[in-house]
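Worksheet: one structure, shown below.
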Amino acid sequence: MIFASVGSMLPFDRFVRAVDDWAAQNPSEEVFIQIGEGEYQPRHAPFTRMMPHGEYRRRLQTCDLFVAHVGMGSILQSLELRKQLLMLPRLAAQREHTTDHQLHTADRFRHVQGLMIVDDTDALKAAMTRLLLQPMAPSDGLSPYAPQPMIDHVARYLAAGSAPQ
């Protein structure tokens with residue numbers, strides 16, 4: 001099953017339309033799209049505008065492929081659950097975001113195992129097909145807990161009652 005999500009901020013109709021077009025060409029594949037407040041409504045895949053966090057998490061845990069924008073929440077959740085993540089950055093020039101920070105995030109995470117970033121909707125659709133047939137090796141995962149050195153540092157700070165020297 002493919003779970004696609006635009007996140008909770010701005011519309012991303014270009015992304016939703018591409019996933020829906022892919023669903024039309026692949027009717028035997030289960031696709032579910034969280035579309036946010038965009039104008040385009042999918043015709044070939046079930047969708048919801050927003051969903052409770054518990055349902056979102058369940059869909060993410062059970063999907064074979066997570067497809068999303070290049071948002072840190074999507075990246076962190078997919079790494080934590082060791083889910084392959086295919087991403088398309090939002091572009092300010094297309095009024096999908098106020099800045100092009102997702103392009104910078106994409107550059108930072110482009111080479112992380114288990115993540116794939118594409119630059120346009122044609123590449124997104126091609127990668128969806130490829131990743132269902134040949135999944136990426138999962139990432140090493142991401143702990144939901146702070147690393148021990150950070151915990152130790154905070155504990156020393158709290159015990160001293162002031163910043164460490």
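Going by how many other beta carbons lie within 10 Å of each one, how would you line up His104, His53, His44, fewest first?
The most exposed by this proxy come first: His53, His104, His44.
Between Arg130 and Val154, what is 0.36 nm times their sequence separation minus the Cα-Cα distance? Round to one decimal in nm.
The Arg130-Val154 span can extend by a further 4.2 nm.
Using 5 Å bins from zero, what percent of all Cα-Cα pairs in the chain falls into each bin?
With a bin width of 5 Å, the distribution comes to 2, 9, 17, 20, 19, 13, 7, 5, 4, 3, 2, 1, 0.
How far is the Cα center of the range 44-74 from the Cα center of the range 104-146, in Å?
15
Have a look at Ala18, Ala45, Ala137 and tell me which one the Gaussian network model of the chain (Cα, springs below 10 Å) gives the largest fluctuation.
Ala137
Bear in mind that the values in this text are calculations on the coordinates, not laboratory data. Since we're looking at a predicted model, the values are computed, not measured. Cβ coordinates were reconstructed from backbone atoms using ideal geometry, including for glycine residues, and neighbour counts include every protein chain displayed.
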